[in-house]
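K.L.:
My questions will all concern the structure given below.
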Amino acid sequence: MMYLPHIGPRLLAALFVTGLCFVHISAQAQTPVAPSGAAPAAVASRITQIMIEGNQRLEPGTVQSYLLLGPGDIYDPVRVDLSIKTLFATGLFADVTIRLERGTLIVSVVENPIINRVIFENNRALKEDKLRDEVEAQPRAIFTRARVQADVQRIIALYRQAGHFAATVTPKVAEQPQNRVDLIFEMSEGPVTNVRRINFVGNLVYSDSELRRIVATKESRWYKFLTSNDNYDPDRLEFDREQLRKYYGDKGYADFRVISSVAELTPDQKDFFITFTVDEGIKYKFGEMTVESELDALDADLLEAFVSIKEGSLYKNQRIDDAVDALTFASGASGYAFVDVRPQRKRNRDTRTVDINFVVNEGPRVYVERIDVVGNTQTLDRVIRREVQLVEGDAFNRVLLDRSRNLIRSLGFFKEVEITEKPGSKPDRAIVEVKIEEQPTGELSFGLGFSSVNSFLIDISVTQRNFRGRGQFLRFAVSASSRQQSIDMRFTEPRFLGRNLSAGLEAFNIRSDFLREASFRTNSLGGSVRIGFPTTSNSRLFLRYTARSDKITAPEVSAIDVFGNPLRDANGNLVRTCTASLQICSQIGRRLTSLVGFTMVWDKRNDPIDPTRGFNVSFDQEFAGVGGDVRYVRSSLVGDAYHGIIKNFVLSAHVNAGYITGWGGKDVRINDRFFKGGLSFRGFDIAGIGPRIVELVDDGNGGTTDFPRDALGGKAFVIGALELSLPTGLPEQYGIKGALFTEWGTLGLLDTADKLVTDATRFAVRDNLAIRGTAGVSVFWDSPFGPVRFDFSRIIKSEVYDDITKFRFSQVTRF
C-alpha cells in the first residue's frame, strides 16, 4: 500500500465510504432502462464493436464521433439516450435508433436530404434576390422541416412589409437522385393592402396634416407609384410612433406619449385606416443642468463645460443626446471606455422646466490589448494600421478611434469602414477590430461625353489609387475637349521613407483654348515636386516647387503694305500682325515660371465623404520668381462649413477668395490671373464675370451701350455660396440628389497697363469689382451612363457685359 503521510485516518475512512457509495450508484445506473429510440437490453453487456447503418453521404466515423459510447464500454441506456439526442441536434438526421445485438451496438440513421436548388415561384411583388437574402435555405445545405417552416415565416413577413397581408407561401419538395431535393416556395401574393387614411386623436398643437408629414407611413394616392410607404406595415407603424415621440420631444413636449396606434381593415378588405391616439402634454424649457461624475480623472465642473445646453432654452431630446455624446467623448479622451452616461430628468410642471442631471458612472480604465484588421484582401495591413491613432498598449480613447475611422475612410480605398471594440482577455483590456470592405481602386477608363462647358470630351486614363496595396497613387491620363487638351502623369507616396510624410512628382502638358472668351491660347509644359506632413491632428502642410514653360498665342494675320502685298522681314519671312486687343497682343510669347508654394489644410469635418457638421479650410500661397521670367505672389483661400438640419438636409456655406500681385516691376500676365464662371460660379459661363474689354456701340439715343469682347481676368476675387442639400423624394437606388443654392461674388483689379485701349472712342475696359449674384437648383444623377449634373440658375445681379448661362449640364460615360 502506498504511504500517504499527509492524510489522516479519518480522511482515509471518509474516502473509503465515498468509494462504496460510488460503486453502489454505478451499479444502479447500469440497470437497463431503454429510452425512446434505443432497444432494451436484458442484462448489462459490454460493447465489443459499433456498426453504422443507413448512412449515405456521411462516413461511419463521423456518425460514431457523436456517440457517447465506444467499444469496451458497458451498455448504458442513459448514455445511449444522450447519444440519440446529440445526433438529432446536429440536424443531419431525420431518424436515429440504437440497439445492442450480441455485443454489437447497431446505430441506424436516416439522413436528412441535401438541398439541390431553392426555387421561388409566382413572386411578382418581391424580387428573387431579396427573397434569397432573407431565407436560410441554400443549395448544398441540409434540408430540415423546421428550417423550411422558419423560412416560410420570413417570406410572409417580407410580403407583409410590402403590403400583401393575404400572401401565403406553400413549401414543396421535389426529390432528386442521391438523397437530394429541390425546395420550392410557391407564392400566392394576394392584393396589396394600402393605407386609405391616417387619423390623429388628441393632437391640439399640431394639425393632422403636419403630423402626417412626420410619420413614414403615407396615405395611398394614385401618383405614389414609386414608393411603398403607402402600404400597411406593422413594423413601420412602430417606427412611426418613435418618429412622433422624437418630433414632439424636439419641440419641448417632454410628457408626450403615443397612447395607441390602431390599424383597422376597411369593410372591402382592401385598405387600412390607421389611427394614432396621442397625449401631447405641456411645453417645457430646460432648467438647471448638473453633472455627477465618479470618474477620477474628470471632475463635475470640467464635464459641465461639455454640456452646451443653456438654461431657459427650449427643451429638445436631441440636445440631451448630443450632451450624452459629448460627455462620452470627454470620458473617452481620458481613457475610460464603456462609460455609462445617464440623463436624469426632473420635470417642474409649475415652472414648466426640466432639470437634467447627467450621471457619469465610473468605469475601469481600459487599455488596447490588440488591434485586428479584418476584410483587407488587397490593401496591406500596415497601410490601414498607420491611420489608426492608437497602438497596442495605449489607453482606450473613443475620440481617437472616431478620428481613425475618418482617416481610413478618407483614403478612398474602402466601401465600408467600421471600428468596434470587444472585451479583451482581462477586464481592463479591449480588442479594437477594424473591419473594412475593399472597393476597386484601379481604373482603366475610356470616356466619351458632352457638356455645355467643354462641348465634346474624350478621356483615356490609367489610375491606381492603391498601387500594389501600398496606398500609393499612380495616374497617367490623356484628355481632349474643344477647350482643352492635356497629358498628365502623377505619382504620390503617402509615407515617404516610412515616415508620416507624403512625397509626389507630377509632369504635365496642357493646351487651353480661350479664343471665344479672351482671344488667346496657352500651352503649358512643366512639372512639380511636393511633400506634405501633418502639423496637428486635424491639419496638414504641403510644400511644392513647380517649373513651367507657358506660351501664349493669339489670332494673327499677314501684314500687308499700302499696295496690298504681304510684308516680309529681312530674312524673307512673312510679317504677321496680332488681331486681338492690345492687352492680349502684349502677352504673346513664351516665358518660364519658377515658383515655390505651400498649402495649409485644416479639416474639422465629422466625415470626409458625406459631412453633416464641421468645417474645412485651405490656404494656398505661391511665390514665383525663384529664377525664370515671371514674378508674382498669389494667395487663395477656400473654406467650407456644414450643418445638418434634419435627416438628409444639410446646409453648407462655401467661401473662395484669391489675390495675386506682381513684384520686381512685373505685371501679372493674363494666364496667371483669376478667371471665374462655369463650375466656379453657377449662372455665368467660363470667364463670364470680371474685367472685360467692351466695344462701345451706339444705342440709337445719342449714347452708347457695352458690347462684350475679350475677358481679361482679375487680380482679386471673392465668391461665397450657400447650398442646401435635400432629398428629391425618389428612391435612393435611383441615385438622384438635389440642392438649392445661391452664389454671390466679384472679380476685378487690373494693372494700369492692362486698362489701356488703342481707340478710346470705340473700346473701353470695364473693371469695377461689381457684385454678382445668382440662385438656382442643382440636380445630381448617378446614372448608368456615368455622373450627370444639371444646373438651373436665375441671375439676381449682373453687369451688362457679363456672359450669362442659365442652364448647364455635364455628363461623362465610362466603359
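Read-outs: derived from the displayed coordinates by stated rules, not from any lab. If you're wondering where the values come from, they're calculated on a predicted model, not measured in any experiment. For neighbour counting, all protein chains shown are included, and Cβ atoms are generated from backbone atoms with ideal geometry for every residue, glycine included.
K.L.:
Stokes-Einstein D for the stretch 455-607 at 4 °C, 1.567 mPa s, Kirkwood Rh over Cα pairs, in µm²/s? Could the numbers behind the result be given before it?
P.N.:
Details: Rh = 19.2 Å.
Roughly 67 µm²/s, to the nearest whole number.
K.L.:
Which of the trypsin sites (Lys or Arg not before Pro) found in the stretch 91-141 are loop residues per DSSP with 12 or fewer other Cβ atoms within 10 Å of their Cβ?
P.N.:
Numbers: sites: R99, R102, R117, R124, K127, K130, R132, R140; in loops: R102, R124, K127, R140.
Of the trypsin sites (Lys or Arg not before Pro), the ones in loops of the stretch 91-141 whose Cβ has at most 12 other Cβ atoms within 10 Å are R102, R124, K127, R140.
K.L.:
Could you tell me the extents of the chain's C-alpha atoms along the three principal axes, largest first, rounded to whole Å?
P.N.:
137, 69, 65
K.L.:
Separation of the stretch 346-360 and the stretch 595-661 by C-alpha centroid, Å?
P.N.:
Measuring centre to centre over Cα atoms gives 44 Å.
K.L.:
Taking the Cβ of S425 as the center, what net charge do the other residues with Cβ under 12 Å away carry, scoring Lys and Arg +1 and Asp and Glu -1?
P.N.:
Details: positive: R370, K422, K426, R429; negative: E369, D428.
Result for the local shell: +2.
K.L.:
For S783, list long-range residues whose amide hydrogen, built 1.01 Å from N in the peptide plane, is under 5 Å from its own amide hydrogen.
P.N.:
HN-HN under 5 Å from S783: V788.
K.L.:
Collect residues whose amide H, placed 1.01 Å from N in the peptide plane, falls under 5 Å from the amide H of E438; neighbours closer than 5 in sequence don't count.
P.N.:
Amide H to amide H, under 5 Å and 5 or more residues apart or across chains, E438 pairs with T377, K415.
K.L.:
Residues with amide H under 5 Å of Y315's amide H, sequence separation 5 or more or different chain, H placed in the peptide plane at 1.01 Å from N; which?
P.N.:
Residues meeting the amide H criterion: Y284, K285, F286.
K.L.:
Between R385 and S260, 0.36 nm times their residue separation minus their Cα-Cα distance comes to what?
P.N.:
Details: separation 125, 0.36 × 125 = 45.00 nm, distance 5.06 nm.
Extra length available between R385 and S260 comes to 39.9 nm.
K.L.:
Whole-Hz Karplus ³J(HN,Hα) for the stretch 490-501, in order, using 6.51 cos²θ - 1.76 cosθ + 1.60 and θ = phi - 60°, x for Gly and Pro?
P.N.:
For the stretch 490-501, the Karplus-derived couplings read 9, 9, 9, 9, x, 10, 5, 6, x, 10, 6, 9 Hz, x marking Gly and Pro.
K.L.:
Working from Cα positions, state the angle (0 to 90°, nearest 10) between the long axis of helix 398-410 and the longest principal axis of the chain.
P.N.:
It is inclined by approximately 60 degrees.
K.L.:
For the pairs K127/K737; K285/K604; K737/K806, flag any whose C-alpha to C-alpha distance is greater than 27 Å. List each step's numbers first, then the result.
P.N.:
Working: K127/K737 25 Å; K285/K604 31 Å; K737/K806 20 Å.
Those over the limit are K285/K604.
K.L.:
Let me ask something else. Give the average over all directions of the projected area of the C-alpha convex hull of the stretch 735-774, one decimal, in nm². Before the final figure, lay out each step's value.
P.N.:
On the way: hull surface 20.9 nm².
Taking the Cα atoms of the stretch 735-774, their convex hull projects to 5.2 nm² on average.
K.L.:
Please give me the summed charge of the neighbours of P60: other residues whose Cβ is under 15 Å from its Cβ, Lys and Arg +1, Asp and Glu -1. Spell out each step's value before the answer.
P.N.:
Details: positive: R57; negative: E53, E59, E111.
Result for the neighbourhood of P60: -2.
K.L.:
Right, something else. Which value, in debye to the nearest 20, describes the size of the charge dipole of the stretch 616-717 about its Cα centre when Lys and Arg Cβ atoms bear +1, Asp and Glu Cβ atoms bear -1, and nothing else is charged? Intermediate results must be reported in sequence, preceding the final value.
P.N.:
On the way: 11 positive and 12 negative charges, 81 e Å.
Roughly 380 debye for the stretch 616-717.
K.L.:
Let me ask something additional. Please give the helix 9-29 orientation as an angle from the longest Cα principal axis of the chain, in degrees from 0 to 90, rounded to the nearest 10.
P.N.:
That works out to roughly 90 degrees.
K.L.:
Quick one: if the Förster radius is 45 Å, what FRET efficiency do M489 and S313 give, using the C-beta to C-beta distance and rounding to 0.05?
P.N.:
Numbers: r = 56 Å, r/R0 = 1.25.
Efficiency computed from Cβ-Cβ geometry: 0.20.
K.L.:
Rounded to the nearest whole Å³, what is the per residue volume of the convex hull around the Cα atoms of the stretch 712-815? Intermediate results must be reported in sequence, preceding the final value.
P.N.:
Numbers: hull volume 14.7 nm³, N = 104.
Roughly 142 Å³ of hull volume per residue.
K.L.:
Tell me, what is the FRET efficiency for D759 and I588 to the nearest 0.05, using R0 = 25 angstrom and their Cβ-Cβ distance as r?
P.N.:
Values: r = 20 Å, r/R0 = 0.80.
For R0 = 25 Å, the calculated efficiency reads 0.80.
K.L.:
What list of ³J(HN,Hα) couplings, whole Hz, do you get for the stretch 695-707 from phi and the Karplus terms 6.51, -1.76, 1.60, once you set θ to phi - 60° and write x for glycine and proline?
P.N.:
These are the phi-based 3J(HN,Hα) values: 9, 7, 10, 5, 8, x, 10, x, x, 10, 10, 8, 10 Hz.
K.L.:
May I ask you to derive the FRET efficiency for S558 and S512 from their Cβ-Cβ distance with R0 = 41 Å, giving the value to the nearest 0.05? Intermediate values should be presented prior to the final figure.
P.N.:
Values: r = 25 Å, r/R0 = 0.62.
According to the calculation, E is roughly 0.95.
K.L.:
Kindly write out, for the stretch 237-251 in residue order, the coupling ³J(HN,Hα) from the Karplus curve 6.51 cos²θ - 1.76 cosθ + 1.60 (θ = phi - 60°), rounded to whole Hz, with x marking Gly and Pro.
P.N.:
5, 5, 5, 5, 4, 5, 5, 5, 4, 5, 5, 5, x, 8, 10
K.L.:
Compute from the Cα atoms of the stretch 378-422 the Rg and the Dmax, the latter being the longest Cα-Cα distance, and quote both in angstrom.
P.N.:
10.5, 30
K.L.:
Given the stretch 498-583, what whole percent of its Cα pairs are spread farther than 18 Å? Mind dumping the intermediate values first?
P.N.:
Working: 2443 of 3655 pairs.
Cα-Cα pairs of the stretch 498-583 separated by over 18 Å account for 67 percent.
K.L.:
Take the Cα of R212, step 7 Å along the line toward its Cβ, and report every residue of the stretch 227-261 whose backbone nitrogen sits under 18 Å from that point.
P.N.:
227-233, 237, 240-241, 244
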